[in-house]
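The values are calculated or read from the model by the stated rules, or taken from the named source; none is laboratory data. None of the values given here were measured: they were computed from a predicted structure. Note: ideal-geometry Cβ built from the backbone for every residue, glycine included; neighbour counts use all protein chains shown.
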Amino acid sequence: MEKMNFIAADDKELSYMGRIDFADAKAPVFYFAGSSVTVRFKGTYIKAKIRNRRIYNTQEVGAVVDGKQQKYTFCEDGAWQGEYTLTLAQGLENARHEVIFFKRQDASHYFAFLGFETDGEVLPAKPKPQRRMECYGDSVSAGAVVEAVANVGALDPENNDGIYDNAWYSYSMITARNLGAQLHNVAQGGIAIFDDTGYFHAPNCVGMESVYDKLCYIPEGGCTQWDFSRYTPQVVLFAVGQNDQHNEGRPDSDITQPEYRKKWKEGYKGIINSLREHYPNAIFILLLTVLCHDEQWDKAVEEIKNELGGEQSGVYHFMFKRTGKATPGHPRIPEQYEMSEELTAFISSLGESIWEK
């Protein structure tokens, strides 16, 4: 009979990253793309047990097993909820291994993590990095459609059903790994600054103004407040603006019109100023990505940076070499790496002192 050792979700040797709901420590809930739990163990196999709530799309999760990233499809039949035991690796050498189990997709689902199963023993966790980052962003930051690598520089494939989504390859997560930092990836496809704009949760669209301070931000899950004292980043990325020209319940927006431009900037600055109250020593990097958009949005972000006090106040506006010009579809893995290389270099150029606060 196969030996089985269950590593409960509240085991002290598990290491979590991301905005995760620990109200029930034996069943923490993962909402945001890129949220993860890491286990180190000695054994020949590892399984993860979850309780899933499907909202839409094919359901997939990811894991990095001894450095190799892979995905697991577990719900294609339309089931809305259920418990799943996912075999992450088997037939391993009976030696030390590390597995990072993570949420690939954004609001297409959320799940409670119940624990790992192995035939071996759990090993002590590595200390978490002292560098801490946070990213507020849209589908690009969440890694939407990144794996459609046949469509580099082109529109998205039709009816992709979420199977190309992978937060692991988002520029935000790659940059954090490059810099040896933790990351809370507060990113959701289709999101804009204001409610009733953008695409997230249409037709009753939810904006970043109602998400940035949430733990559960998915309306079907019952929204809950985030406790900012649980995590204090030294570097905050803010990458919202791509979807803001799309409206649902509001008049058409035109960033070239002074009245709307002022309104949009005030909404954007309101979120930044609220975050600065929680993170008074953090630096803020405002940016938009290489996904095609009107340069007026970049100019508006530059104005926001200046109105917030600019670099002397710890607020930067970063532009990629191909901001707004690289692709009409979501950036794929090569374009995400392109962005991460440029952003990594920029953050590194700010010096070690940014991480000492």
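Structural remarks
- For Q90, the test of being farther than 16 Å from A63 by Cα, at pLDDT 95 or above and loosely packed, with under 15 Cβ neighbours inside 10 Å is failed.
- The lone exception for H293 - which of (1) exposed (fewer than 14 other Cβ atoms within 10 Å of the Cβ); (2) at pLDDT 95 or above it fails: (1)
- Pairs with Cβ under 6 Å, 6+ apart, first in segment 274-302 and in the same structural domain as R322 (by TED's automatic domain parsing), second among the β-branched types (V, I, T) and part of a strand (DSSP E or B): A282/V236; I283/V235; F284/V236; F284/V315
- In summary, no strands (runs of 3 or more DSSP E) completely within segment 8-94 bear 1 or more residues that are of a type in the set (S, T, N, Q) and in the same structural domain as F228 (by TED's automatic domain parsing).
- Pairs linking a residue in segment 119-139 that is free of Cβ contacts under 8 Å to residues at least 12 places away in the same chain and outside the structural domain of A187 (by TED's automatic domain parsing) to a residue that is surrounded by fewer than 24 Cβ atoms within 10 Å (Cβ to Cβ) and not in a loop (DSSP other than H, G, I, E, B), with Cβ atoms under 8 Å and 6 or more positions apart or on different chains, do not occur.
- Beta carbons closer than 9 Å, at least 6 apart along the sequence or on distinct chains, pair a first residue in segment 157-178 that is among the small types (G, A, S) with a second that is surrounded by fewer than 21 Cβ atoms within 10 Å (Cβ to Cβ) and modelled with pLDDT under 95 for G162/Y56; G162/N57; G162/T58.
- With respect to being small (G, A, S), farther than 17 Å from T289 by Cα and over 17 Å from the mean Cα position of the chain (by Cα), S253 fits the description.
- Filter result (within 18 Å of V146 (Cβ to Cβ), in a strand (DSSP E or B) and not aliphatic (A, V, I, L, M)) within segment 169-192: N185
- Residue in segment 52-65 that is hydrophobic (A, V, I, L, M, F, W, C), free of Cβ contacts under 8 Å to residues at least 12 places away in the same chain and surrounded by fewer than 20 Cβ atoms within 10 Å (Cβ to Cβ) present: no
- Inclusion of L179 among residues that are within 27 Å of V64 (Cα to Cα), surrounded by fewer than 23 Cβ atoms within 10 Å (Cβ to Cβ) and under 15 Å from the mean Cα position of the chain (by Cα) is not warranted.
- Selected residue (criterion: nearest to F32 (Cα to Cα)) from residues of segment 85-117 that are more than 14 Å from the chain's Cα centre (by Cα) and of a type in the set (D, E, K, R): E98
- The criterion of being buried (at least 16 other Cβ atoms within 10 Å of the Cβ), in contact (Cβ under 8 Å) with a residue 24 or more places away in the chain and touching a helix residue (DSSP H, G or I) at 6+ places or on another chain (Cβ under 6 Å) does not hold for Y231.
- Against the criterion of being among the basic types (K, R) and within 28 Å of G221 (Cα to Cα), R40 does not qualify.
- Qualifying residue in segment 202-210 (condition: at pLDDT 95 or above and closer than 20 Å to E60 by Cα): no
- Neighbours by Cβ (under 7 Å, 6+ apart or cross-chain): first from segment 12-38, over 21 Å from M133 (Cβ atoms); second of a type in the set (D, E) and part of a loop (DSSP other than H, G, I, E, B): A25/D10; K26/D10
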